[in-house]
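Okay, structure first, notes after.
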Amino acid sequence: MLYTEEAGLPDERSFWEEWSLLFWTSVAVMVPVVITLWCSVQRSKRKSHMKEFFRKSRHGWHYTDLFNKPTYCCVCSQHILRGAFCDCCGVCADEQCLRRADRELPCKEIMAQGTEHRWVQGNVPLASYCAACKQQCGTQPKLCDYRCVWCQATVHDDCLETLVDASQCDLGEFHNLIIPPHYLHLVNKLPRRHPDEYTKLASSCGCGWTPVLVLANTRSGNNMGEALLGEFRSLLNPVQVFDLSQLAPSKALQLCTLLPPGCVRVLVCGGDGTVGWVLDAIDNMKLKGQDQFVPRVTILPLGTGNDLSNTLGWGSGYAGEIPVEQVLRNILDAEVVKMDRWKVEVSSKGLTIRKPKVLSMNNYFSVGPDALMALNFHTHREKTPSFFSSRIINKAVYFLYGTKDCLVQECKDLDKRIELELDGERVPLPSLEGIIVCNIGYWGGGCRLWEGVGDEPCPPTRLDDGLLEVVGVFGSFHCAQIQVKLANPVRLGQAHTVRLVLKSSTMPMQVDGEPWAQGPCTITITHKTQSLMLYHSAEQTDDDDDESSASEAENPTPHDSPRPPLVASAHA
């Protein structure tokens, strides 16, 4: 409280000025907060209402508060900021016109008698050209141009009537990957469902037709799966694009049984765990006697490690650096290879009644510090999954757990607690903290574990040789040195069958990134089957091809080349 200099009494004017300043300051702070909260509640209500409407809609609507480019409503032709768009056909509408758009504007028909152009007016890409006059489209405001949702062709409003074969659509650049709507219509009319009948129907789809099914895990890695689903639906038939968070791979792969045998390809958008999930579903198809319908599998890496994708030439991680169209072109040019799959049988000691735990392995099995890091990461991701939505954050968390283990050394003296047998022969172990059994060339997010960095010759690593490579590591710090190529692992040998006996204590273990804590047990790894995968070779220029041809003439390619062996051409 303030006092006057003359009488030392409270200055009432200053007192009320201070309270007035405090009041208006509080109002200035609280009003934006209240408005923000009110808008948030209204937005939540609006999205909830829209979600119920979208669930019953014929379109694949997605609501947005702000379009990322100038967009016009396909009903009222007005510029919109807030509204919805269909990720299948590209129709856009504001909130007021949404129900009318859903009622009057049809979406892509996944099943129809013929293949005709399906024109959508407006919002065509800027870098597009008219199919009739070959002039640029998309430069005029509002809805002056058209785009076909099947072949992606664009045409001016004035040129639409002059377009040759305006009614017939050839499905565009990716016609060899699209399941045409007329094909499914013909399949539905077949009196009997037989593979020979599907082969006859395939002739109407053109030579070299190899339809692709897209299976995306929206929970993998950097959460790009949702956006990728929309992009693939816009380029392909929506019936061949699946969200694995809503439909299991075994259900999605049943579409293969309605297509000609041996022609289907499956694009898995996710991490190595998602790929293993899909390959297990393919193995179940074999158990049901559907071997002839088994597809070829390719990968769009969205996970954290992506070692299998790296081995097959599809990169260590996808972050949108190339457009989806280029991804489909790469699939068209890919080559088929065989990959070994392994059975990991875990038999716990003292529990003879319980059946052994059986797992499938594509990449590697490990016991030791890398499995401990994976276990800690997995435990915390289950508690707070929203935090682990970025590939960079995931790798940073792995680094922190690795640093912690360098100090604690929870897996030390592993050689005293475990026995290793390769093809029935006991292998003496040095003082190790971890053992890694590899099927592929890469490990730990891009490290070539078996070859190492030294000059010592080693047997080749191949995907189809029926051999496993077994190495040892001295701890988390040794793993870090291997990844930055400052050290080599301990090569313990190659074998067709690997057996490990954990005699005492509990140790962390993992198979393809799926970790668990295991007590005394016997682990037996044996060959299970082979899967057909697609391998993407790096693109070369003409000069590179000439130089490589000359070098190959002088120095033939050695047998231990890391490139997987080819089985058949992609166009065979």
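The table below gives the values:
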{"item": "Relative contact order computed over the range 218-289 (Cα-Cα under 8 Å; 6+ residues apart), in percent", "result": "34 percent"}
{"item": "Note, ³J(HN,Hα) from phi for the range 246-252, Karplus 6.51, -1.76, 1.60, rounded to Hz, x at Gly and Pro", "result": "10, 9, 5, x, 4, 6, 5"}
{"item": "Rounded to whole Hz, the Karplus (6.51, -1.76, 1.60) HN-Hα couplings of the range 336-348, x for glycine and proline", "result": "8, 10, 9, 10, 5, 10, 10, 9, 10, 10, 10, 10, 6"}
{"item": "Of Lys412/Lys528; Lys288/Lys343; Lys288/Lys357; Lys251/Lys286, pairs whose Cα-Cα distance is over 25 Å", "result": "Lys412/Lys528"}
{"item": "Residues with amide H under 5 Å from that of Gly60, placed H, sequence gap 5 or more", "result": "Asp87, Cys88, Cys89"}
{"item": "Solvent exposure, largest accessible area first (probe 1.4 Å, DNA, RNA and ligands not counted), of Arg219, Arg82, Arg103", "result": "Arg219, Arg103, Arg82"}
{"item": "Semi-axes of the equivalent ellipsoid for the range 162-283, Cα gyration tensor, largest first, Å", "result": "27, 20, 11"}
{"item": "Solvent-accessible area, 1.4 Å probe, carbon plus sulfur percent, for the range 70-205", "result": "50 percent"}
{"item": "Listed residues Lys338, Lys485 arranged by accessible area, highest first, probe 1.4 Å", "result": "Lys485, Lys338"}
{"item": "Translational diffusion of the range 165-236, µm² s⁻¹ [Kirkwood Rh, Cα pairs; Stokes-Einstein; 25 °C; 0.890 mPa s]", "result": "171 µm²/s"}
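The values are calculated or read from the model by the stated rules, or taken from the named source; none is laboratory data. The shown structure was predicted, so the numbers you read here are calculated from the model rather than taken from an experiment. Only protein heavy atoms, including side chains, enter the accessible area calculation; ligands, DNA and RNA are left aside. Shrake-Rupley method; radii C 1.70, N 1.55, O 1.52, S 1.80 Å.
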